[in-house]
Amino acid sequence: MEERIDKQNYYLNIAETVASRSTCLRKKYGSVIVKHDQIISTGYSGAPRGRVNCCDLGYCNKKKLFPDKRHGGYDACRSVHSEQNAIISASREEMIGSTMYLVGYRSEGNNDYEEGAAPCLMCRKLIINAGIEKVIVRVNKKEYKIFDVQNWIENDEFLNGQLEY
């Protein structure tokens, strides 16, 4: 008999499917917000509605302007992050106390899961204000890490000068 996957990997599998819709040439990210075992919203990384996607342009604007920069330079990126898209697709009332499931992998190369994947600082601020309680990020097909959003509030990286990734 085949082993039944746990709930966390069930929702992470859904987030991975959502990520496959990403239009970013560098990274594919998918988010699923769940509360009381019900999916509230999903989001993937891509250009704002009505704008041309990077996959259609054939180049990454961020990579073109900052070829050696892996983190940061977000203003040059055409994409709205998956976390942001999921948050704007749900009401705050629905998100209070919810869990966000996040899967990210590189579009280039071997499509491995993004090592050290975690919401960027801008997305963390939005997650905090949305009332999301925890974020679960896929490490590999069976493993994941859990971020308690309350820790992000209490250990404010802007106050202590240490940006934790």
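The values are calculated or read from the model by the stated rules, or taken from the named source; none is laboratory data. Being a predicted model, the structure only gives us computed values, none of them experimental. With ideal geometry, Cβ positions are generated from the backbone for all residues, glycine too; neighbour counts draw on all protein chains shown. In case anyone asks, the SASA skips ligands and DNA or RNA and just uses the protein heavy atoms, side chains included. Shrake-Rupley method; radii C 1.70, N 1.55, O 1.52, S 1.80 Å.
Given a Förster distance of 35 Å, report the FRET efficiency between D156 and M1 from their Cβ-Cβ distance, rounded to the nearest 0.05.
0.15
Could you check which residue among D37, D75, D148 shows the biggest mean-square fluctuation in a GNM of the chain with a 10 Å Cα cutoff?
Largest GNM mean-square fluctuation: D75.
With +1 on each Lys and Arg Cβ and -1 on each Asp and Glu Cβ, how big is the dipole of the stretch 14-129 about its Cα centre, in debye rounded to the nearest 20?
Result for the stretch 14-129 is approximately 480 debye, rounded to the nearest 20.
Please report the spacing between the Cα centers of the stretch 85-154 and the stretch 36-64 in Å, no decimals.
16
Translational diffusion coefficient, Stokes-Einstein: compute it for the stretch 48-109 using the Kirkwood radius over C-alpha pairs as Rh, at 37 °C and 0.692 mPa s, and state it as an integer in µm² s⁻¹.
My calculation gives 235 µm²/s for D.
Toward the positive end of the charge dipole of the stretch 13-126, about the Cα centre and with charges on Cβ (Lys, Arg +1; Asp, Glu -1), which of L57, G43, S98 goes farthest?
Final value for the positive-end residue is L57.
Measuring with a 1.4 Å probe in the full set of protein chains, what accessible area per residue, in whole Å², belongs to the chain?
So the chain comes to 60 Å² accessible per residue, rounded to a whole number.
Among C123, I146, Y11, flag the residue with its Cα farthest along the positive direction of the charge dipole of the chain, charges on Cβ as +1 for Lys/Arg and -1 for Asp/Glu.
C123
For the chain, what's the radius of gyration and Dmax over Cα atoms, in angstrom?
15.7, 52
Have a look at E16, E94, E143 and tell me which one the Gaussian network model of the chain (Cα, springs below 10 Å) gives the largest fluctuation.
Sorting by GNM fluctuation, first place goes to E143.
Based on the alpha-carbon gyration tensor of the stretch 1-46 and its eigenvalue square roots a ≥ b ≥ c, which shape applies: rounded if a/c is under 1.5, prolate if not and a/b is larger than b/c, or oblate?
Note, shape of the stretch 1-46 comes out oblate.
What residue among S91, S31, S79 shows peak mean-square fluctuation when the chain is described by a Gaussian network model with Cα springs under 10 Å?
Maximum fluctuation in the GNM of the chain, among the listed residues, is at S91.
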